[in-house]
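The values are calculated or read from the model by the stated rules, or taken from the named source; none is laboratory data. Keep in mind it's a predicted model, so treat the numbers as computed, not measured. All Cβ positions, even for glycine, are placed from backbone atoms using ideal geometry, and neighbour counts span all protein chains on display.
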Amino acid sequence: MTVTLNAATAVIAKAIDAATAQNVPIVAVVTDVAGHIVSMSRMDGVGHVNIEVARKKALASATFGQPTHEVVDAVSRDPLAKIVVLGDQSINLLPGGIPLKDGERVIGALGIAGGYYLQDRAIAEFAAA
């Protein structure tokens, strides 16, 4: 099972609503478990680079099945994992990536970029809840 377009659109709508309420322009990307974009939205006023940042946060979260900030905490304690994971240019581990689950099974992920990374994390957590 993977995240559906309807579910992805609903998660993105929650993220956009939260970002609008905070006056923080964002990009919201929902990917499937393989990191392929299911849906994406870029608010007015947010830089284009944030599209790729949000996608990479979602990919990281889908790959590891954890929020990006938890992945950073885990790999920081292991010197080899730290080198390998933090050196991977295909992912971004700044806060703002959250797995989307059906029960305990990861079905995709949400990546948020555009605000300060703690804002990205809060918006992602709200939208994925």
Can you confirm whether I91 is in contact with a Ser or Thr (Cβ under 9 Å, 6 or more places away or on another chain), hydrophobic (A, V, I, L, M, F, W, C) and over 17 Å from A128 (Cβ atoms)?
yes
Test: residue in the stretch 25-35 that is polar (S, T, N, Q), at pLDDT 95 or above and farther than 17 Å from Y116 by Cα
yes
Starting from residues that are among the hydrophobic types (A, V, I, L, M, F, W, C) and in contact with a strand residue (DSSP E or B) (Cβ under 6 Å, 6 or more places away or on another chain), keep the ones in the stretch 92-105 and report whichever is surrounded by the most Cβ atoms within 10 Å (Cβ to Cβ).
I98
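Could you look through the stretch 5-17, keep only residues that are in contact (Cβ under 8 Å) with a residue 24 or more places away in the chain and surrounded by fewer than 16 Cβ atoms within 10 Å (Cβ to Cβ), and pick out the one that is nearest to M40 (Cα to Cα)?
Among them, the one singled out is T9.
If we scan the stretch 111-126, do we find a residue that is touching a His at 6+ places or on another chain (Cβ under 8 Å), of a type outside the set (G, A, S) and in a strand (DSSP E or B)?
Looking for residues that are touching a His at 6+ places or on another chain (Cβ under 8 Å), of a type outside the set (G, A, S) and in a strand (DSSP E or B), one finds none in the stretch 111-126, hence no.
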Scan the stretch 34-54 and give yes if some residue there is within 18 Å of L93 (Cβ to Cβ) and of a type in the set (D, E, K, R), otherwise no.
yes
Residues of the stretch 70-91 being within 15 Å of A124 (Cβ to Cβ) and surrounded by fewer than 21 Cβ atoms within 10 Å (Cβ to Cβ), in sequence order, are E70, V72
Keeping to the stretch 42-65, report how many residues are surrounded by 16 or more Cβ atoms within 10 Å (Cβ to Cβ) and either within 12 Å of the chain's Cα centre (by Cα) or outside any loop (DSSP other than H, G, I, E, B) (or both).
15
Residue under evaluation A21, criteria (1) of a type in the set (G, A, S); (2) under 15 Å from the mean Cα position of the chain (by Cα); (3) on the phi < 0 side of the Ramachandran plot, criterion not met:
(2)
When the stretch 18-32 is examined, which residues are found to be among the polar types (S, T, N, Q) and either free of Cβ contacts under 8 Å to residues at least 12 places away in the same chain or assigned to a helix (DSSP H, G or I) (or both)?
T20, N23
